[in-house]
Amino acid sequence: MIRAMQDNLGEPITIDDMARTAMFSKFHFSRMFQRVTGISPGRFLSALRLQEAKRLLLTSSLTVADISHLVGYNSIGTFSSRFRMSVGVSPTTYRQYDGYVAPLDDHLRLHGQHSTVRGHVHHAPDSRPGHIVMGLFPDRIAQGMPIGHATLARAGEFTIADVPDGTWHLIARSVGADSAEVYVAAFGPFAVADGASHRAVDVWLRPRLIFDPPALLAQLDETMLVASARVPGGAEEAALPGA
């Protein structure tokens with residue numbers, strides 16, 4: 001069904017269409033899809049559409065209106081609103097800065113008592129992930145504003161400070177040091193409370209699968225990660241055009 005979504009992003013696709021393609025009842029299909037991917041079929045389809053929009057914004061001269069139509073939106077206003085909410089900037093700004101956006105300002109964090117999340121990023125001996133970007137999100141899809149983020153030059157220990165109380169998912173992504181293979185890792189949900197230091201967040205990078213939801217936030221974009229491997233100073237320098 002995910003391959004059918006990818007092949008028909010510009011077409012109207014309902015949950016009934018998906019269930020028929022998968023040859024399940026609508027309710028069984030929805031349960032199975034969420035069990036495998038972590039999010040609903042509708043959210044996965046929306047993420048695929050916005051991921052394709054990001055690609056077209058960086059690799060084509062099509063107008064924003066044309067791109068919105070190609071990825072299944074009849075209203076450019078709805079497309080622009082969804083894009084900004086999920087990626088963090090407008091489609092025009094995303095294109096203007098080649099997909100690079102500045103790290104989040106501290107004022108975007110929630111008020112209240114804050115904790116520190118510590119852990120370790122691992123990978124298999126036969127893999128070679130490069131620069132690693134990670135963020136804390138309220139669910140299993142990297143969209144909207146992360147509540148905290150960190151970057152690593154290579155696998156190892158990390159610290160994310162000033163994390164508000166709540167239940168979070170840690171999502172990490174990396175492009176291979178000598179290839180375009182994308183590695184992903186996730187941990188959660190886990191609770192953070194009472195200003196405590198959370199030390200049990202260990203994640204393992206693995207090659208991305210078709211079942212993994214796309215990362216929509218520009219800071220976790222593969223385009224940025226590929227560029228960071230070629231720019232002195234890594235992702236944090238590449239993410240600050242004109243600074």
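The values are calculated or read from the model by the stated rules, or taken from the named source; none is laboratory data. Because the structure is a prediction, the values reported are computed rather than measured. We place every Cβ from the backbone using ideal geometry, glycine too, and count neighbours over all the protein chains shown. These accessible areas exclude ligands, DNA and RNA; they are computed on the full protein's heavy atoms, side chains included. Shrake-Rupley method; radii C 1.70, N 1.55, O 1.52, S 1.80 Å.
Values computed for the structure shown
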read-out	value
Options H149, S174, L136, ranked by Cα towards positive dipole end of region 126-179, top entry (Cβ charges)	S174
Cα gyration tensor category, rounded, prolate or oblate, for region 43-95 with a/c compared to 1.5	rounded
Accessible surface, 1.4 Å probe, highest first, among residues E52, E11, E157, E181	E157, E11, E181, E52
Accessible-area value, M85, 1.4 Å probe, nucleic acids and ligands omitted, Å²	120
Rounded accessible area of R128 (nearest 10 Å², 1.4 Å probe)	130
Heavy atoms of V36 accessible to a 1.4 Å probe, total area in Å² rounded to 10	80
